[in-house]
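Below is one structure; the comments refer to it alone.
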Amino acid sequence: DNSLAGSDTPDEGVLWLRQKIVEVTKPTLELPLPLCWLPFTVAVRDLAKKQSVPWITLRQATDLARVVFRVPDDNLDVPGMVSFHHHLGPVLHYNKIPGLDDKVIIDVAWLLKVISLLFVPTPKKHQDPKFRRHYDLLYDHGILLEDLAEHIWQSSGHPSCMAYTKTPQQRSVIFKVMAKFLLLCDTEQTMSIVEGAQPSRMFFIPALVSASREKELLSTTEGATLPSAEAATPNSEVERSAPMVLYSGEQTTFPQSVFWCLAVSCLHRFKPDPGSSKQ
């Protein structure tokens with residue numbers, strides 16, 4: 001009886017349960033937290049604001065921590081500190097993803113702004129004629145070419161967005177974060193839709209497949225027989241007439257936001273092997 005808590009005769013069963021909960025969770029939840037870590041959030045926020053820097057390297061994070069914490073290098077524990085703030089939300093750091101393992105994103109609002117620019121439709125009257133076919137490919141089929149992404153970001157009018165999307169290495173950071181959040185799938189292929197132009201990296205963003213394209217895909221897959229679990233392996237030779245099969249059910253409502261993430265996850269898992277003739 002938990003209502004007896006605090007009285008002279010507390011329930012022995014409740015006391016026992018509380019003690020067991022503490023014993024089970026203590027090794028995981030009770031971790032030492034240096035108080036000097038706390039000002040780091042303010043430091044990176046000021047750095048992002050004053051210098052318009054969306055991300056820094058781990059080395060720069062170490063140098064910043066050395067100034068903020070004023071403790072010997074042996075006591076810095078920058079990986080632990082960055083991981084702590086990553087879980088709180090002020091910064092993002094993915095130490096197990098090649099290309100992101102040395103980056104600490106300190107301006108999350110900037111990242112959200114940059115990504116959102118790709119999902120806001122550009123009316124035809126505002127589209128650069130040189131990229132008209134790129135836009136059609138994106139909005140009709142969900143295929144994003146890197147040179148269109150560069151054009152969208154460089155013409156956005158946001159100084160920090162323009163400054164940190166100029167090079168392929170900078171754009172790669174954004175694409176890798178988007179892939180981490182299952183917003184796009186890297187096809188690991190290139191395409192050139194303008195004669196004489198350099199091939200551009202190609203990404204698939206299912207959430208941007210147009211409504212008309214959705215209906216077309218549904219009509220082509222209606223009544224189709226899906227391959228067996230044994231046949232549908234990453235090395236399968238099963239022909240695919242479309243990049244994805246849209247889910248449709250009369251009695252089941254599938255959240256659209258969840259569905260697109262699931263679609264990207266499946267595409268990552270069943271991506272053809274490099275050099276395969278199957279696209």
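The values are calculated or read from the model by the stated rules, or taken from the named source; none is laboratory data. Predicted model, so just to flag it, every value in this text is computed and none were measured. Methodologically, a virtual Cβ is constructed for each residue, glycine included, from the backbone with ideal geometry; neighbour enumeration extends over all protein chains shown. These area figures cover heavy atoms from the full protein model, side chains too; ligands, DNA and RNA do not enter into them. Shrake-Rupley method; radii C 1.70, N 1.55, O 1.52, S 1.80 Å.
Taking the criterion of being closer than 21 Å to LYS103 by Cβ, in contact (Cβ under 8 Å) with a residue 40 or more places away in the chain and either among the aromatic types (Phe, Trp, Tyr) or touching a Gly at 6+ places or on another chain (Cβ under 8 Å) (or both), the only residue of the range 137-167 that qualifies is TYR164. Considering the conditions (1) at pLDDT below 85; (2) among the aliphatic types (A, V, I, L, M); (3) within 30 Å of the chain's Cα centre (by Cα); (4) assigned to a helix (DSSP H, G or I), VAL14 is excluded by exactly one of them, (3).
Residue-level check: of (1) more than 30 Å from LEU58 (Cα to Cα); (2) in a helix (DSSP H, G or I), LEU111 misses just (1).
So which of SER52, SER83 ends up being closer than 26 Å to LYS176 by Cα, of a type in the set (Ser, Thr, Tyr) and free of Cβ contacts under 8 Å to residues at least 40 places away in the same chain? Let's see the steps before the verdict.
Working: SER52 fails: free of Cβ contacts under 8 Å to residues at least 40 places away in the same chain.
Answer to the selection: SER83.
Does VAL78 satisfy being in contact with a Ser or Thr (Cβ under 9 Å, 6 or more places away or on another chain) and open to solvent by less than 40 Å² (accessible area, probe 1.4 Å)? Yes.
With the structure loaded, tell me whether VAL104 is assigned to a helix (DSSP H, G or I) and either open to solvent by 40 Å² or more (accessible area, probe 1.4 Å) or touching a residue at least 12 places away in the same chain (Cβ under 8 Å) (or both) or whether it fails that test. When the stated conditions are applied, VAL104 does not pass them.
Pairs meeting the criteria (first residue in the range 117-130 and without any contact (Cβ under 8 Å) to a residue 60 or more places away in the chain, second residue small (Gly, Ala, Ser), beta carbons under 8 Å, at least 6 apart or on different chains) are LEU117/SER156; ASP128/SER155.
Kindly indicate whether any position in the range 129-151 is open to solvent by 50 Å² or more (accessible area, probe 1.4 Å), among the acidic types (Asp, Glu), more than 18 Å from ALA207 (Cβ to Cβ) and in a helix (DSSP H, G or I).
In the first step, residues of the range 129-151 are kept if they are open to solvent by 50 Å² or more (accessible area, probe 1.4 Å); the result is 129-130, 132-133, 136, 140-141, 150.
Still in the running and among the acidic types (Asp, Glu): 136, 140, 150.
From the residues that got through so far, the ones that are more than 18 Å from ALA207 (Cβ to Cβ) too are 150.
With the extra rule that they be in a helix (DSSP H, G or I), the set shrinks to 150.
Yes, because at least one residue in the range 129-151 is open to solvent by 50 Å² or more (accessible area, probe 1.4 Å), among the acidic types (Asp, Glu), more than 18 Å from ALA207 (Cβ to Cβ) and in a helix (DSSP H, G or I).
For the range 171-188, the criterion of a residue being more than 23 Å from LEU262 (Cα to Cα) and either touching a residue at least 60 places away in the same chain (Cβ under 8 Å) or open to solvent by 80 Å² or more (accessible area, probe 1.4 Å) (or both) is satisfied by no position.
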